[in-house]
Amino acid sequence: MAHSLWIVRELLITLAILIACITAILASWIFGGRQLSLFIDRFGTVEIDSAKINSIAYEGSGTGGILIVNDAGLSLNETAPNLSPSMGSTKDNQFALASGGNVFAFGPMASATDGAADHLATTTPAGDDASLVTRRSILPWPTPFDFNFMTGQSPSWKRHIYYQLRWKKSSGATLEMLWRYEQYFYPRNGWGSGFMTREGSTGLIRLDIPP
């Protein structure tokens with residue numbers, strides 16, 4: 001009898017420890033899921049789309065604004081602290097991006113823009129290899145405490161979405177830009193727009209123009 005009671009007590013203790021561990025893991029996932037997801041993203045993400053870039057345009061005043069890659073509007077208003085991209089045109093009327101003292105020319109300015117400071121555009125020149133790759137986080141995180149009293153719809157999950165622009169000119173010059181956004185999952189509608197922002201976490205996070 002005593003032996004049976006001891007076995008039951010050990011089982012109950014083991015069960016209590018297991019429940020406590022599961023509770024701790026779930027709490028960490030709920031309250032620290034975003035940071036855990038970012039950590040895992042350092043080692044790998046899941047590619048969900050890759051498209052050849054046919055056109056690129058800019059709307060803004062030269063700093064900040066929106067870079068329009070094909071049909072995707074990618075913000076230059078939120079950037080990592082060490083990045084300061086500026087858009088404009090070169091002396092030979094090429095639509096270009098400048099950052100850190102380096103300049104990357106996308107291509108000849110489209111005639112319709114007429115060099116207007118608030119709208120620049122070009123198409124991908126022949127011989128250039130340009131693509132926009134979309135990736136997502138491996139690990140989403142639950143958001144049971146997110147409430148939207150305006151619409152009544154709140155996301156139950158979130159994950160990060162990455163947009164990577166890679167451009168190699170026929171001359172050998174290269175450009176890489178990487179944006180990070182958040183994407184929300186709604187129980188009724190599934191995954192929504194991949195362009196949700198969060199201050200200090202989303203926006204342009206990498207820009208590389210090798211000299």
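Table for the structure above
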{"item": "Long-range amide H partners of Phe106 with built H, under 5 Å", "result": "Phe95, Ala96, Leu97"}
{"item": "Residue-level accessible surface for Asp128, protein heavy atoms, 1.4 Å, Å²", "result": "20 Å²"}
{"item": "Förster radius 30 Å - calculated FRET efficiency between Leu36 and Ala126 (Cβ-Cβ, nearest 0.05)", "result": "0.10"}
{"item": "Ranking by accessible area, most exposed first, for Arg159, Arg206 with a 1.4 Å probe", "result": "Arg206, Arg159"}
{"item": "For the range 164-175, Karplus couplings with θ = phi - 60° (6.51, -1.76, 1.60), whole Hz, Gly/Pro x", "result": "10, 9, 10, 9, 10, 6, 4, 7, x, 5, 10, 9"}
{"item": "Relative packing of peptides 134-142, 59-67, 185-193 - highest average C-beta neighbours within 10 Å first", "result": "134-142, 59-67, 185-193"}
{"item": "Whole-number accessible area per residue in Å² for the range 159-211, which is evaluated in the context of all protein chains at 1.4 Å", "result": "51 Å²"}
{"item": "Theoretical gain in end-to-end length, Phe185 to Asn102 [0.36 nm per residue, Cα-Cα removed]", "result": "26.0 nm"}
{"item": "Near-label residues of the range 174-211 by backbone N, under 16 Å of a point 7 Å along Cα→Cβ of Ser156", "result": "184-192"}
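The values are calculated or read from the model by the stated rules, or taken from the named source; none is laboratory data. Bear in mind the structure is a predicted one, so any value in this text is a computation, not a measurement. Methodologically, a virtual Cβ is constructed for each residue, glycine included, from the backbone with ideal geometry; neighbour enumeration extends over all protein chains shown. Note: areas computed on protein heavy atoms with side chains; ligands, DNA, RNA excluded. Shrake-Rupley method; radii C 1.70, N 1.55, O 1.52, S 1.80 Å.
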